[in-house]
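The values are calculated or read from the model by the stated rules, or taken from the named source; none is laboratory data. Just so we're clear, the structure is a prediction, and the values are computed from it rather than from any experiment. With ideal geometry, Cβ positions are generated from the backbone for all residues, glycine too; neighbour counts draw on all protein chains shown. Quick note on the areas: whole protein, heavy atoms, side chains included, nothing else; ligands and nucleic acids left out. Shrake-Rupley method; radii C 1.70, N 1.55, O 1.52, S 1.80 Å.
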Number of protein chains: 2
Amino acid sequence: MSATRVQLISPRTLRLLSPGRSALFLPGGGGPHRGGGVPGFRSLIFPSLSSSFSSPGRALSSLSTTRRGLPKTKMSDNGTMSRGKVLTIDNMNPTVKKVEYAVRGPIVQRAVELEKELSEGRKKPFAEVIKANIGDAQAMAQIVFLKYKNKDAKSRACRILNSCGGNSMGAYSASQGIGSVRQDVARYIERRDGGVPCKPDNIYLTTGASDGIVTMLKLLVCGEGATRTGVMISIPQYPLYSAALAELSAVQINYYLNEEKCWSLDIGELQRALDEARLHCNPRALCIINPGNPTGQVQSRECIEDVIRFAAKERLFLMADEVYQDNVYAEGCQFHSFKKVLFEMGPEYSETVELASFHSTSKCYMGECGFRGGYMEIINMDDDVKDQLTKLLSVRLCSPVPGQALMDLVVNPPQPGEPSYERFIKERTSTLSALAEKARLTEQVLNTVEGIRCNPVQGAMYSFPRITIPEKAIQEAKKLGQQPDMFYCMKMLEETGICLVPGSGFGQREGTYHFRMTILPPTDKLKILLNNVKEFHQRFTQQYS
Amino acid sequence: MSATRVQLISPRTLRLLSPGRSALFLPGGGGPHRGGGVPGFRSLIFPSLSSSFSSPGRALSSLSTTRRGLPKTKMSDNGTMSRGKVLTIDNMNPTVKKVEYAVRGPIVQRAVELEKELSEGRKKPFAEVIKANIGDAQAMAQIVFLKYKNKDAKSRACRILNSCGGNSMGAYSASQGIGSVRQDVARYIERRDGGVPCKPDNIYLTTGASDGIVTMLKLLVCGEGATRTGVMISIPQYPLYSAALAELSAVQINYYLNEEKCWSLDIGELQRALDEARLHCNPRALCIINPGNPTGQVQSRECIEDVIRFAAKERLFLMADEVYQDNVYAEGCQFHSFKKVLFEMGPEYSETVELASFHSTSKCYMGECGFRGGYMEIINMDDDVKDQLTKLLSVRLCSPVPGQALMDLVVNPPQPGEPSYERFIKERTSTLSALAEKARLTEQVLNTVEGIRCNPVQGAMYSFPRITIPEKAIQEAKKLGQQPDMFYCMKMLEETGICLVPGSGFGQREGTYHFRMTILPPTDKLKILLNNVKEFHQRFTQQYS
């Protein structure tokens, strides 16, 4: 590595970029390679980052390997003798080490460092860091029905507060969530699904959708060796899934979406992945993200029927991640909930197939991510398992009550005739049509660049274009121990201030490279962003060709 | 069991009360005994609870045992053939089955059922259910500095909002928490600890304290068999610890607090527990709750020094659960943070002993439980482990931002000279002195009852009195497959509407029985409550003597 690079990236970031880090979707992949360090290295190069936050001896102690029963004695910076740590990278939970979450990985940490450097007056080839790595709708400014001061908004607030203990959001709620909110969720689902019945008792309010997904996976995991639970996830995937499966030591079963056919799901590929997995684990669940994250595709009704038939035939528990159900833009595309399709397929399916569906306050047109609200609906779950689910959730007492209240607003927006209705519809329409416009714009601009190919963004909030990386750049990345698309994105960040997530963080077919970029920035900003991406790609291609 | 009992308790509650359920603090204890069931049983006896929420075939399906590879075919209620569930009680995650959380266990479920029955006009020997099972300060009405409309409250709100992405609490924050809030937490800790330095980079904002505790335990667990991580916890304990350890398949190492000496911690007992545990596991961490939950003791400075010396000598990672740090009532008692004592013991300890300390918005005088706010401070943690901690927390994106904002208010209350100061101090003083009064009152009234012995409630929010249960009642409980104190508390609930948590849910020396009761209800209500407990105990003793 060159001296210039070292000064741009902190040792911690470098460590995080070390080989093995990005292989998150390979089941049983080893932990990261442990690079060496030099005592005081960080504080020499990054006084602003480390002087006030690093205690003496920390850099040194990270070099020391302590094994159980063999406490090491070493010299600390000030010359006194001290023993090695009780908890070290070598004796910590190995499943935690395998967890990776690219959306907030090293590239984001570097973006934060760059922001700090900018604010300290350091010169950069850009004026601001643009974080297009994460679907944070609120930070990019979306709807705020919450802040309406109309009578109906106030009466809604009162109704929710009346359902809270002590009439306060500061009180714990029932572990499953506030009863009246769960009723509103159930009514929403019934409206959404054309009258298919929904029982409030099957609704669990969760801390964002992530909490529900992790909890369901927890219930499913058992067995050892060849009987260990396997869970099928799409590749590309949202890395919450790989992270949770790594932590639970479950077997990740990859099925690949078809990039050539607009990231569609192919039953033949599901069958291939399942058959291969059955040789070494016990596949028990199938996870679907629709609309897709990071891929942005919207599944057809036929595809969903096929998936349900497949799950029934192969006895798989279905997990439908439907947090982008309100984010559908492409003409001819429509959101079909797994539950609705399941029930329309008749009792052979609707009375047998076990399904958990997830929704969130963080996405759709509200985009209230910071409140960490969400729900899951469970269908056909065994009664005793449901008791266990409720018990498990009770340990964390309840999901955040303000998030529960927001979930109520998401599922129960202002109705015709209510004072807030017109303003709400106007804002919703403009938010959604702006997103549709940005989805088109993103596809269009990226496809003008030689070496970038972008599928239509039919839904959700991201584009996931394929990029051609020249062989020379691939070799350069290898030398640095980086995935080629991590090298590409890191270079883009350093040169343009644009923070994207490399495709390797989501998984992709070997030898292909992508990045995920959110379409959320305001249109004028997005145009500049896309243009900068274009120029960077051209420069990068030229440099390494 | 008598027919009357069956009509009072639902089959689900009965199942939850089955033998083996309460043995939560025995490492490796088996799952609950599976009682049989009768199809439709629930819907015959509890139409109001099951008719609208139970799908046909649910009661039946819970009888069916499905094993991997052997899908069972069975008749459903409507006569069609259907297969067994993919996910059943027999093939679900066995560690989840071992999780128990008494604070929201079967007795609370029964309390909720009773509330419903009362609201439906069913006659009971009481007019309302009083939930004295949980420390929900807000539901019992506490301070609401949040709602002040003074200028300083508003400017504080603005400052926090300015630190949020898009100036909105609806945006994700950094995974570790909002920077300015972490700075305020660090300053608070420095003030609290007489100037011992605190680095914002060592502060993690969490979803209540529970999230921080579980995350720290996750990092610590590794090894198999005799090298499996063991974690020392006090008995009685707060059942979050036993639940988390069960889920992580870590070995729970019990050390018993000394009830005769006001629930104090004895180093000899720590040593005994550790030495015995070393024969079959690898003890790596020591958890302390101070002030104590459920026991209400406040540790002396000497005791804390001894614990720190013990942890250093035995190479244990210290976890200090200090969520009740502002709840100290008894004269002569004072809260000493583990960190302050650690640093005052000199560099031999302050530079080596690894410590995580936890705090929460849910307790103290604010009591904002529903927001799920909290922080942890880590001290002397290995640098690489810290990276892993940050990474692990990034998977859940961030803790709820409103909870982070509230944490800021907890650590940064109105200062002298600010418009809100006087009102705040008045409210805080009156809240804390009312709690002190209620702590005294509880101890005093309970100790007037023959067969109840209550230690002083020095701090926290609970009393944990010892109760004498007559031999006849113990036999009666055994017949029902219940722990004697569960039998006692369930009977109290049915007869008086008072919801307490049996001591068996927290752990206690064999042959002793207790209950946990929060002291939070308003004084006049608490007086009635205590009197009803007294009368119930006398009646119960008479009935079974």
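Worth a mention:
- Span from the the stretch A:431-448 Cα centroid across to the the stretch B:221-248 one, whole angstrom: 51
- Annotation: peptides A:455-465, B:263-273, A:424-434, A:94-104, ranked by per-residue average of other Cβ atoms within 10 Å with the highest first, follow the order A:455-465, A:94-104, B:263-273, A:424-434.
- Straight-distance candidates among the lysines for linking to B:K199, with alpha-carbon spacing under 16 Å and chain neighbours fewer than 8 residues away dropped: B:K339, B:K340, B:K386.
- Ligands, DNA and RNA aside, A:L392 has an accessible area near 10 Å² when probed at 1.4 Å.
- For A:K438, the lysines whose Cα comes closer than 22 Å to its Cα, not counting residues fewer than 8 places off in the same chain, are A:K131, A:K261, A:K363, A:K426, A:K525, A:K527, A:K534.
- For a straight C-alpha distance cut-off of 15 angstrom, the aspartates and glutamates reachable from A:K124 (same-chain residues fewer than eight places away being disregarded) are A:E113, A:E115, A:E494, A:E495.
- Pseudo-label separations to other copies for B:S249 - Cα-to-Cβ vector, 7 Å, nm: 0.4
- If you take all other residues with their beta carbon under 15 Å from the beta carbon of A:I425, and give Lys and Arg +1 and Asp and Glu -1, the sum is -2.
- Rounded to the nearest 10 Å², the accessible area of A:I288 at probe 1.4 Å: 0
- Inter-copy label distances at A:K527 (7 Å, Cα→Cβ; nm, one decimal): 7.4
- Dipole of the stretch A:210-400, positive end: most advanced residue of A:C398, A:M376, A:A277 [Cβ charges, Cα centre]: A:C398
- In this assembly of identical copies, the label point of A:C158 (Cα plus 7 Å along Cα-to-Cβ) is separated from its counterparts by 3.1 nm, sorted shortest first.
- For the stretch B:485-545, the list of GluC sites (Glu not before Pro) that fall in a loop by DSSP and count at most 12 other C-beta atoms within 10 angstrom reads B:E510.
- Of the listed residues B:S119, B:S504, the order by accessible area with a 1.4 Å probe, largest first, is B:S119, B:S504.
- Burial annotation for the stretch A:213-228: residues with an accessible-area loss of at least 10 Å² between the isolated chain and the complete set of protein chains, computed on heavy atoms with a 1.4 Å probe, are A:K218, A:L219, A:L220, A:V221, A:C222, A:T227.
- Taken across both chains, chains A and B shield about 9100 Å² of accessible surface from a 1.4 Å probe.
- Per-residue mean of C-beta atoms belonging to partner chains within 10 Å, peptide B:93-106: 5
- Entry comment: accessible area of the stretch B:175-411 is 24 Å² per residue, from protein heavy atoms only and a probe of 1.4 Å.
- The candidates A:E331, A:E305, A:E437, A:E260, arranged from most to least accessible area with a 1.4 Å probe in the full protein assembly, appear as A:E331, A:E260, A:E437, A:E305.
- Judged by the gyration tensor of its Cα atoms, with axes a ≥ b ≥ c, the stretch A:210-400 is rounded; a/c sits under the 1.5 cut.
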